[in-house]
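The values are calculated or read from the model by the stated rules, or taken from the named source; none is laboratory data. Note that this is a predicted model, so its numbers are computed, not measured. So basically every Cβ, Gly included, is an ideal-geometry build from the backbone, and we count neighbours across all protein chains shown. What goes into the accessible areas is simple: the full protein's heavy atoms, side chains included, and nothing from ligands, DNA or RNA. Shrake-Rupley method; radii C 1.70, N 1.55, O 1.52, S 1.80 Å.
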Amino acid sequence: HTYGPSVFVQKQFMDPSQAACTGLEGDEAGENNCRIVIDASRIEPGWDEHFGYLREQGYAMVVGEFGGNVDWPNGARQAERDMWSHITPGIDLEWQNVFVDYMIKKDIEGCYWSINPESGDTGGWYGHEYDPVSNESGWGTWLEFDSSKTTLLKRLWGN
(Lines give C-alpha, C1' and ligand atoms only; values in the text may rest on other atoms or scores of the structure.)
Protein backbone atom coordinates (compact mmCIF):
# COMPACT_ATOMS: atom_id res chain seq x y z
CA HIS A 1 0.00 0.00 0.00
CA THR A 2 1.12 3.55 -0.60
CA TYR A 3 -0.61 6.81 0.10
CA GLY A 4 -0.09 10.52 -0.25
CA PRO A 5 -0.45 13.39 2.18
CA SER A 6 -4.17 13.00 2.84
CA VAL A 7 -3.38 9.76 4.68
CA PHE A 8 0.01 10.70 6.15
CA VAL A 9 2.40 13.55 5.40
CA GLN A 10 5.79 11.92 4.86
CA LYS A 11 9.19 13.56 5.13
CA GLN A 12 9.85 13.22 1.39
CA PHE A 13 6.89 15.56 0.80
CA MET A 14 8.54 18.46 2.65
CA ASP A 15 9.45 21.54 0.63
CA PRO A 16 13.27 21.39 0.36
CA SER A 17 13.43 25.21 0.52
CA GLN A 18 12.19 25.02 4.15
CA ALA A 19 15.29 23.81 5.97
CA ALA A 20 13.47 23.83 9.32
CA CYS A 21 11.07 21.19 7.95
CA THR A 22 13.71 18.71 6.77
CA GLY A 23 12.95 15.31 8.28
CA LEU A 24 9.58 16.34 9.74
CA GLU A 25 6.42 14.43 8.96
CA GLY A 26 2.86 13.98 10.16
CA ASP A 27 1.39 16.38 12.70
CA GLU A 28 4.82 17.80 13.53
CA ALA A 29 5.16 19.04 9.94
CA GLY A 30 1.68 20.56 10.03
CA GLU A 31 2.27 22.26 13.37
CA ASN A 32 5.41 23.85 11.91
CA ASN A 33 3.55 25.15 8.83
CA CYS A 34 5.69 23.03 6.52
CA ARG A 35 4.83 23.25 2.86
CA ILE A 36 4.32 20.12 0.78
CA VAL A 37 5.97 19.63 -2.60
CA ILE A 38 5.18 16.58 -4.69
CA ASP A 39 8.40 15.89 -6.61
CA ALA A 40 8.63 12.58 -8.48
CA SER A 41 12.43 12.62 -8.30
CA ARG A 42 12.25 12.61 -4.50
CA ILE A 43 9.37 10.13 -4.18
CA GLU A 44 10.10 7.48 -6.82
CA PRO A 45 13.31 6.18 -5.18
CA GLY A 46 11.23 5.09 -2.17
CA TRP A 47 8.75 3.28 -4.41
CA ASP A 48 11.65 1.63 -6.27
CA GLU A 49 13.20 0.52 -2.98
CA HIS A 50 9.99 -0.90 -1.54
CA PHE A 51 8.35 -2.60 -4.53
CA GLY A 52 9.37 -1.20 -7.93
CA TYR A 53 12.55 -3.27 -7.99
CA LEU A 54 10.43 -6.42 -8.07
CA ARG A 55 8.82 -5.35 -11.33
CA GLU A 56 12.26 -4.59 -12.77
CA GLN A 57 13.21 -8.19 -11.93
CA GLY A 58 10.27 -9.43 -13.98
CA TYR A 59 7.77 -10.19 -11.23
CA ALA A 60 4.09 -9.41 -11.64
CA MET A 61 3.22 -6.46 -9.45
CA VAL A 62 -0.07 -5.16 -8.08
CA VAL A 63 -0.15 -2.37 -5.51
CA GLY A 64 -2.81 -3.53 -3.05
CA GLU A 65 -4.02 -0.04 -2.14
CA PHE A 66 -3.49 3.53 -3.22
CA GLY A 67 -5.82 6.49 -3.24
CA GLY A 68 -6.70 9.51 -1.21
CA ASN A 69 -8.81 12.57 -0.59
CA VAL A 70 -8.27 14.54 -3.82
CA ASP A 71 -9.39 17.80 -2.17
CA TRP A 72 -7.31 17.43 1.02
CA PRO A 73 -7.09 19.14 3.46
CA ASN A 74 -10.73 19.93 2.65
CA GLY A 75 -12.96 17.06 3.71
CA ALA A 76 -10.67 16.08 6.58
CA ARG A 77 -11.42 16.37 10.30
CA GLN A 78 -11.57 19.99 11.46
CA ALA A 79 -8.33 19.69 13.47
CA GLU A 80 -6.51 18.41 10.39
CA ARG A 81 -7.99 21.17 8.22
CA ASP A 82 -6.84 23.75 10.74
CA MET A 83 -3.35 22.25 10.97
CA TRP A 84 -2.92 22.18 7.18
CA SER A 85 -4.89 25.33 6.29
CA HIS A 86 -1.72 26.75 4.68
CA ILE A 87 -1.83 23.97 2.02
CA THR A 88 -3.74 24.55 -1.20
CA PRO A 89 -6.36 21.80 -1.64
CA GLY A 90 -5.52 19.30 -4.37
CA ILE A 91 -2.00 18.33 -3.30
CA ASP A 92 -3.10 14.73 -2.77
CA LEU A 93 -4.52 14.55 -6.30
CA GLU A 94 -1.13 15.77 -7.48
CA TRP A 95 0.51 12.91 -5.53
CA GLN A 96 -1.96 10.40 -6.99
CA ASN A 97 -1.16 11.55 -10.54
CA VAL A 98 2.58 11.19 -9.89
CA PHE A 99 1.97 7.70 -8.54
CA VAL A 100 -0.18 6.69 -11.53
CA ASP A 101 2.57 8.03 -13.84
CA TYR A 102 5.03 5.79 -11.97
CA MET A 103 2.78 2.72 -12.24
CA ILE A 104 2.26 3.29 -15.96
CA LYS A 105 6.00 3.74 -16.50
CA LYS A 106 6.82 0.56 -14.55
CA ASP A 107 3.82 -1.44 -15.89
CA ILE A 108 2.45 -1.97 -12.39
CA GLU A 109 -1.25 -2.48 -11.67
CA GLY A 110 -3.03 -1.13 -8.61
CA CYS A 111 -6.23 -1.33 -6.59
CA TYR A 112 -7.84 1.98 -5.68
CA TRP A 113 -8.83 2.47 -2.06
CA SER A 114 -11.63 2.67 -1.66
CA ILE A 115 -14.65 2.27 -3.91
CA ASN A 116 -17.08 3.03 -1.09
CA PRO A 117 -17.22 6.63 0.13
CA GLU A 118 -16.99 5.90 3.85
CA SER A 119 -13.21 5.65 4.10
CA GLY A 120 -12.43 8.47 6.51
CA ASP A 121 -8.99 9.44 5.21
CA THR A 122 -9.34 8.67 1.50
CA GLY A 123 -13.01 9.11 0.69
CA GLY A 124 -13.98 6.72 -2.04
CA TRP A 125 -14.31 6.44 -5.78
CA TYR A 126 -18.03 7.02 -5.28
CA GLY A 127 -18.96 10.44 -3.96
CA HIS A 128 -21.07 10.92 -0.85
CA GLU A 129 -23.09 13.58 0.93
CA TYR A 130 -21.13 13.40 4.16
CA ASP A 131 -19.18 16.49 5.19
CA PRO A 132 -17.88 16.56 8.77
CA VAL A 133 -18.82 20.24 9.11
CA SER A 134 -22.01 20.87 7.14
CA ASN A 135 -23.71 17.48 6.77
CA GLU A 136 -22.88 14.87 9.35
CA SER A 137 -25.83 12.66 8.37
CA GLY A 138 -24.78 11.81 4.80
CA TRP A 139 -23.04 8.50 5.48
CA GLY A 140 -24.41 5.66 3.42
CA THR A 141 -25.70 7.87 0.62
CA TRP A 142 -23.58 7.07 -2.41
CA LEU A 143 -23.47 9.53 -5.29
CA GLU A 144 -21.84 9.33 -8.73
CA PHE A 145 -18.18 8.41 -9.24
CA ASP A 146 -15.69 11.16 -8.43
CA SER A 147 -14.64 12.54 -11.83
CA SER A 148 -11.02 13.24 -10.78
CA LYS A 149 -10.56 9.68 -9.55
CA THR A 150 -12.30 8.27 -12.65
CA THR A 151 -9.93 10.18 -14.94
CA LEU A 152 -6.98 8.95 -12.90
CA LEU A 153 -8.08 5.31 -13.06
CA LYS A 154 -8.91 5.44 -16.77
CA ARG A 155 -5.38 6.69 -17.37
CA LEU A 156 -3.94 3.85 -15.28
CA TRP A 157 -6.10 1.26 -17.04
CA GLY A 158 -5.26 2.65 -20.48
CA ASN A 159 -8.73 3.77 -21.55
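When the residues of segment 1-20 are filtered to those that are part of a helix (DSSP H, G or I) and over 16 Å from the mean Cα position of the chain (by Cα), the one that is surrounded by the most Cβ atoms within 10 Å (Cβ to Cβ) is A20. Residues that are surrounded by 12 or more Cβ atoms within 10 Å (Cβ to Cβ), more than 30 Å from K154 (Cβ to Cβ) and not basic (K, R) are absent from segment 47-66 altogether.
Restrict the check to segment 21-37 and report whether at least one residue is open to solvent by 50 Å² or more (accessible area, probe 1.4 Å), without any contact (Cβ under 8 Å) to a residue 24 or more places away in the chain, charged (D, E, K, R) and assigned to a loop (DSSP other than H, G, I, E, B). Within segment 21-37 (the criterion being open to solvent by 50 Å² or more (accessible area, probe 1.4 Å), without any contact (Cβ under 8 Å) to a residue 24 or more places away in the chain, charged (D, E, K, R) and assigned to a loop (DSSP other than H, G, I, E, B)), the answer is yes, since at least one residue qualifies. Going through segment 33-50 one residue at a time, which ones are farther than 16 Å from T88 by Cα and of a type in the set (S, T, N, Q)? Listed by number, the list holds a single entry, S41.
If I filter segment 14-37 for residues that are touching a strand residue (DSSP E or B) at 6+ places or on another chain (Cβ under 9 Å), of a type in the set (K, R) and within 27 Å of G124 (Cα to Cα), do I get at least one hit? Lay out the reasoning, then the answer.
Here is the first cut: in segment 14-37, the residues touching a strand residue (DSSP E or B) at 6+ places or on another chain (Cβ under 9 Å) are 14-15, 21-25, 29, 34-37.
Those left that are additionally of a type in the set (K, R): 35.
Pick out the ones that are also within 27 Å of G124 (Cα to Cα) and you get 35.
The answer is yes; a qualifying residue exists.
Remark: Y53 matches the filter, which requires a residue to be assigned to a helix (DSSP H, G or I) and more than 24 Å from K149 (Cβ to Cβ). Quick check on segment 73-106: of everything there that is exposed (fewer than 15 other Cβ atoms within 10 Å of the Cβ) and among the aliphatic types (A, V, I, L, M), which residue is nearest to D15 (Cα to Cα)? Among them, the one singled out is A79.
Restricting the first member to segment 52-78 and to residues that are free of Cβ contacts under 8 Å to residues at least 24 places away in the same chain and farther than 18 Å from W125 by Cβ, and the second to residues that are of a type outside the set (K, R) and surrounded by 15 or more Cβ atoms within 10 Å (Cβ to Cβ), the beta-carbon pairs closer than 7 Å and six or more apart or on different chains are L54/M61.
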